[in-house]
Amino acid sequence: MRALTRWLSGPAGPQSFPYSAVLEEFHRVGKHFVEKKFLALLDQARARVSGLPAAGDEPARLLTDFLDVALDKWDGRYDYRSYLALRLLRLPCGLDDPPPAAEAAAARRARDRLLVRLVADTLAFELAAAAGTTELLPQRRPGPMVVTKRCRLGVRAAAPALTRLGLAGAFGTDGPATAAAGLHALARYLAIPGDPRLRLSMLPVHVTHDEYLFIRVLQGYECLFAGVADELRWAIGVLAGDTPGSAADRLGYAGDLLGAAGPLFSLLATMQPDSFRTFRQYTEGASAIQSRSYKLVESLCRTPEPDRLDSVAYRSVPEVRARVRGGQPTVDQAYRSAVSEGRLDGLDRALVARRMAGFAETLAQWRRTHHRVAVRMLGTRPGTGYTEGTPYLAAVSGAPVFTTVTIDPPSDSQSLGDGA
Ligand code: HEM
């Protein structure tokens, strides 16, 4: 409290804001339990930074983004996006998102780097907690076998992104813990020097160890969904042009991104259900049903039916709902037009259809795996997004991804492992 009071009483600017002291206070008790007095001081800090002439510069923006996350419960606007600190991670979270980068390769690399760093950071926390070198989130530490398993699954989850970055095999794999430490060392080189955003994006609501894993896995999937949404948007643009056959590459890339991320769910499945139930008491109101990127992916594939668009699924993401109502183009429509106008036929058409079917199968698999993890962790309890919980997920998991291509019935091949 003292560091914050001192900062407030002097002329210091956002660049010398006492982030570490504030984080320490949040981590000591969990965001849900931070004292009102402390939050009131942060509120003053927010008023100060918003009144600065340089309110648009990077230190001021960073502080604004951080306080947006830190003060969500205080303001009564706590939700999924603020829980995951999506804005701090520069992931899509609302109306004022930057448009998708014009340069696809750079955007892909930036996402891959972030994904690797998120996973590496999770494993670093697991290793530090196991070694007793951190007191962060001390409740319900997992046993050594679970830590080893997390290291193995985490390294597997980061592997596809490392391969895409040309960094496969860049560290030793001499046992899961060594590999995890190697991954962490490598991830440091993927960060923008001095950028604290990843560190600031960890504000758990409670002090249960496994919430760290939960937050990072969700952030990892948000990063992937944002990437998939970009690929689908590019695919739609290409389907509308003169060489619609090249949309196959984008669709294939989108499917590979999501498909290769399976180990992230296996990693999450090691979460201890009791731990999950402990911290989720304080996450009421934050649900991935508010994930803008996921709904964007779904609605870029095909236009949702009117009853889905009017349900809590889309009412939880009003900006995506508005886009759909405004006639957002879809892969389904773009493919249909390309075929009916004679621009897409023969082998090109077959390839695009195959990639669409492959993507649809991958998304359907994601939904089935998600449902299984949710059943394991949640049982019959309702969701934090005000649905009845897993029955909602069961009902939506079979919805067709596209109407123009169909997929084979589920094989349910993806295993979650045996959890904790
Ligand atoms: C402990 C693990 C998890 C549980 C128990 C769980 C539970 C649920 C529940 C009950 C819902 C329905 C909405 C609600 O009432 O909250 C939901 C929706 C959703 N979850 Fe999860 N979830 C888990 C992990 C994840 C992860 C890791 C992701 C990845 C981002 C995710 C993404 C989603 C999405 C996108 C929806 C919206 C689906 C739709 O509206 O069709 N969930 N989840």
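The values are calculated or read from the model by the stated rules, or taken from the named source; none is laboratory data. Model, not experiment: these values are computed from the prediction. So basically every Cβ, Gly included, is an ideal-geometry build from the backbone, and we count neighbours across all protein chains shown. Keep in mind that these areas ignore ligands, DNA and RNA; they rest on the heavy atoms of the full protein, side chains included. Shrake-Rupley method; radii C 1.70, N 1.55, O 1.52, S 1.80 Å.
Considering only residues in region 222-255 that are among the hydrophobic types (A, V, I, L, M, F, W, C), farther than 17 Å from A350 by Cα and in contact with a Lys or Arg (Cβ under 8 Å, 6 or more places away or on another chain), the one that is surrounded by the fewest Cβ atoms within 10 Å (Cβ to Cβ) turns out to be W234. Residue pairs whose Cβ atoms lie under 6 Å apart, sitting 6 or more positions apart in sequence or on different chains, and linking a residue in region 6-19 that is in contact (Cβ under 8 Å) with a residue 12 or more places away in the chain and closer than 22 Å to P196 by Cα to a partner that is of a type in the set (A, V, I, L, M) and part of a helix (DSSP H, G or I), are P14/V49; P14/A60; P14/L63; F17/L63; P18/A3; P18/L4. Evaluated against (1) within 29 Å of A21 (Cα to Cα); (2) open to solvent by 40 Å² or more (accessible area, probe 1.4 Å); (3) modelled with pLDDT under 95, G172 falls short on exactly one condition, (1).
Conditions tested, residue by residue: (1) more than 28 Å from T384 (Cα to Cα); (2) surrounded by fewer than 20 Cβ atoms within 10 Å (Cβ to Cβ).
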position	(1), (2)
D79	no, yes
R87	no, no
E103	yes, yes
A107	yes, yes
T122	no, no
T133	yes, yes
V146	no, yes
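Matching residues to (1) part of a helix (DSSP H, G or I); (2) charged (D, E, K, R); (3) open to solvent by less than 70 Å² (accessible area, probe 1.4 Å):
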position: D307; (1), (2), (3): yes, yes, no
position: A313; (1), (2), (3): yes, no, yes
position: V324; (1), (2), (3): yes, no, yes
position: G327; (1), (2), (3): no, no, yes
position: A334; (1), (2), (3): yes, no, yes
position: A338; (1), (2), (3): yes, no, yes
position: L344; (1), (2), (3): no, no, yes
position: A350; (1), (2), (3): yes, no, yes
position: A353; (1), (2), (3): yes, no, yes
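On inspection, L137 qualifies as in contact with a strand residue (DSSP E or B) (Cβ under 7 Å, 6 or more places away or on another chain) and either in the same structural domain as L267 (by TED's automatic domain parsing) or at positive phi (or both). V373 meets the conditions (1) open to solvent by 20 Å² or more (accessible area, probe 1.4 Å); (2) at pLDDT 90 or above in every case but one. The failed one is (1). Just one of (1) modelled with pLDDT of 95 or more; (2) under 30 Å from R156 (Cβ atoms); (3) within 20 Å of the chain's Cα centre (by Cα) fails for V317. It is (2). Is it the case that T362 is touching a helix residue (DSSP H, G or I) at 6+ places or on another chain (Cβ under 7 Å), in the same structural domain as R277 (by TED's automatic domain parsing), open to solvent by 20 Å² or more (accessible area, probe 1.4 Å) and more than 8 Å from the ligand (Cβ to nearest atom)? Yes, satisfied. The residue pairs whose first member lies in region 186-210 and is among the hydroxyl-bearing types (S, T, Y), whose second member is open to solvent by less than 30 Å² (accessible area, probe 1.4 Å), and whose beta carbons are closer than 6 Å, counting only pairs six or more residues apart or on different chains, are S201/A85; S201/L88; S201/L89; T208/S275; T208/T278; T208/F279. Per the listing V331, V312, V352, the residue uniquely within 16 Å of the ligand (Cβ to nearest atom) and assigned by TED's automatic domain parsing to the domain that holds A229 is V312.
Looking at region 7-35, which of its residues are surrounded by fewer than 13 Cβ atoms within 10 Å (Cβ to Cβ) and farther than 20 Å from H209 by Cα? Passing the criteria: S9, G10, P11, Q15, S16, E35. Report yes if some residue within region 369-392 is out of contact with any Phe, Trp or Tyr (no Cβ under 6 Å at 6 or more places or on another chain), farther than 27 Å from L264 by Cβ and either outside any loop (DSSP other than H, G, I, E, B) or more than 9 Å from the ligand (Cβ to nearest atom) (or both); otherwise report no. No - not one qualifying residue is present in region 369-392. Candidates in region 275-309 are the residues that are closer than 16 Å to G383 by Cβ and hydrophobic (A, V, I, L, M, F, W, C); of these, the one that is farthest from the ligand (Cβ to nearest atom) is F279. All told, G259 meets the bar of being farther than 14 Å from R343 by Cβ, assigned by TED's automatic domain parsing to the domain that holds V352 and surrounded by fewer than 20 Cβ atoms within 10 Å (Cβ to Cβ).
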